[in-house]
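This report concerns only the one structure given below.
Bear in mind that the values in this text are calculations on the coordinates, not laboratory data. The structure displayed is predicted, hence computed values, not measured ones. Neighbour counts run over all protein chains shown; Cβ positions are idealised from the backbone, glycine included.
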Amino acid sequence: MIVVMNPQCSDGQIDQVISLLERMGLQGWAIRGVGRRAIEVLGTNGQFDRRLLEGAPMVESVLDQADPFLAAGRKPGDRTAEVPLRGDATVGGTKIAVIAGPCSVESRSQLLEVAWAVKEAGAAGLRGGAFKPRTSPYSFQGHGEHALELLALAAEETGLAVVTEVMRCDYVDLVAKYADVLQVGSRNMHHYHLLAAVGRQSKPVLLKRGWSSTLEEFLLAAEYIMLEGNHQVILCERGIRTHETYVRNTLALAVVPHVKSISTLPIIVDPSHGTGHSHLVTPMSNAAIACGADGLLIEVHPQPARAWTDGEQSLDLEQFRSLMAGLRPFAEACRREM
Ligand code: PEP
Ligand code: MN
């Protein structure tokens with residue numbers, strides 16, 4: 001059970017509610033996050049007087065543990081949060097935000113070629129891995145800071161927002177120096193120290209769903225970021241691992257309308273990692289927009305067959321242009337703009 005306090009309440013008023021809980025035979029744990037103030041009630045014995053608690057000074061509401069999304073939860077009348085990318089571009093407003101680019105930053109010419117192509121096709125953001133989380137330690141691990149410099153250069157030339165992954169707490173400042181949005185990847189969704197570290201800086205965070213996580217765990221990971229004060233979180237559904245083998249991951253699109261019904265966080269879909277096959281990326285992008293996604297994260301490479309990483313799921317430049325053109329009717333049907 002969680003006692004949600006008025007945000008203006010003082011530490012003393014929190015202590016008073018904790019004392020009240022103690023008199024009822026319960027223990028309270030103060031959650032002192034920026035923006036929301038609340039008390040977790042430990043050891044609920046079911047015999048307390050709920051109305052007495054609800055009537056205590058500065059108590060806003062008493063939530064059952066079944067409703068654990070203190071920062072990311074949606075109350076009736078709430079709208080989806082609009083998270084800034086760069087310039088006028090946002091995620092979560094009327095306009096669909098497409099973030100596209102290579103899996104890994106390979107070279108200056110590769111990155112600039114993709115950046116200009118995706119920009120001209122209507123993308124708002126440029127993705128590209130500088131630090132790559134690879135299953136094998138012998139695989140290409142990314143060009144590191146040099147790749148961050150290339151991403152910043154491409155952003156300056158094109159105006160696209162840079163979205164790139166950070167894997168280590170001690171690299172958060174470095175990545176934040178170059179990126180517009182920090183990505184926390186699927187493998188790190190449960191890395192609570194990293195979530196807190198990106199929550200303590202001010203750039204928006206793109207949080208990818210852990211491939212074996214439930215939706216509740218996914219939203220609680222977002223809470224870890226928001227509790228530190230950074231409410232600019234964009235969720236990304238990127239598929240989960242199932243017994244199925246014809247796709248790399250099973251893209252769980254039902255998460256999109258469900259998140260819309262329980263959370264104010266914007267959500268985008270990654271059909272590249274979500275399927276693992278380039279021929280499935282366009283139909284699943286259409287489906288994502290049709291079910292209410294606020295945007296897409298798509299891997300694009302000038303020559304997918306020669307990509308250093310994830311070539312099988314990357315679109316070439318022409319395929320990306322036709323994907324963007326084909327998305328328009330789906331966006332319009334959902335009263336969204338491209
Ligand atoms: C990526 O988007 O670069 C990536 C590694 O994806 P994921 O974390 O979803 O596997
Ligand atoms: Mn990839």
Radius, Kirkwood style, for the stretch 98-166 when every pair of distinct Cα atoms is counted (Å): 11.8
Okay, helix-only estimate at 222 nm for the chain: each DSSP H run of n ≥ 4 adds -39500 (n - 2.57), divide by all residues, round to 500 deg cm²/dmol; what do you get? -10500 deg cm²/dmol
For the stretch 266-338 and the stretch 151-189, what is the centre-to-centre distance using only Cα atoms, to the nearest Å? 20
The answer for the net charge of residues other than Arg168 whose Cβ lies under 14 angstrom from its Cβ, with Lys and Arg +1 and Asp and Glu -1, is -2
Count charges around Asp11 for me, please; just the other residues with Cβ under 14 Å from its Cβ, Lys/Arg as +1, Asp/Glu as -1. +1
Based only on Cα atoms, what mean projected area does the convex hull of the chain have, in nm²? 18.1
Which is farthest toward the positive dipole end of the stretch 57-111 among Ile99, Pro84, Gln110, measuring Cα position about the Cα centre, with Cβ charges +1 (Lys, Arg) and -1 (Asp, Glu)? Gln110
Leaving out same-chain residues fewer than 8 places away, which lysines sit with a Cα under 21 Å from that of Lys119? Lys95
So what's the convex hull volume per residue for the Cα atoms of the stretch 263-313, in Å³? 77
Rg [Å, one decimal], Dmax [Å, integer] - the stretch 135-185, C-alpha atoms: 11.5, 35
Given 99-106, 263-270, 15-22, the highest-first ranking by average Cβ count within 10 Å works out to 99-106, 263-270, 15-22
Chymotrypsin sites (Phe, Trp or Tyr not before Pro) lying in DSSP loop within the stretch 210-265, provided at most 10 other Cβ fall within 10 Å: Tyr246
Taking Lys and Arg as +1 and Asp and Glu as -1, residues besides Gly159 with C-beta under 14 Å from its C-beta add up to -3
So if a site counts as exposed when it's one of the trypsin sites (Lys or Arg not before Pro), its DSSP state isn't H, G, I, E or B, and it has at most 10 other Cβ atoms within 10 Å, what's the longest stretch of the chain without one? 80-334
So what's the Cα pair-distance distribution over the stretch 295-338, bin width 10 Å, in %? 28, 42, 23, 8
Just how many % of Cα pairs in the stretch 139-284 lie over 19 Å apart, if you round to the nearest whole percent? 54
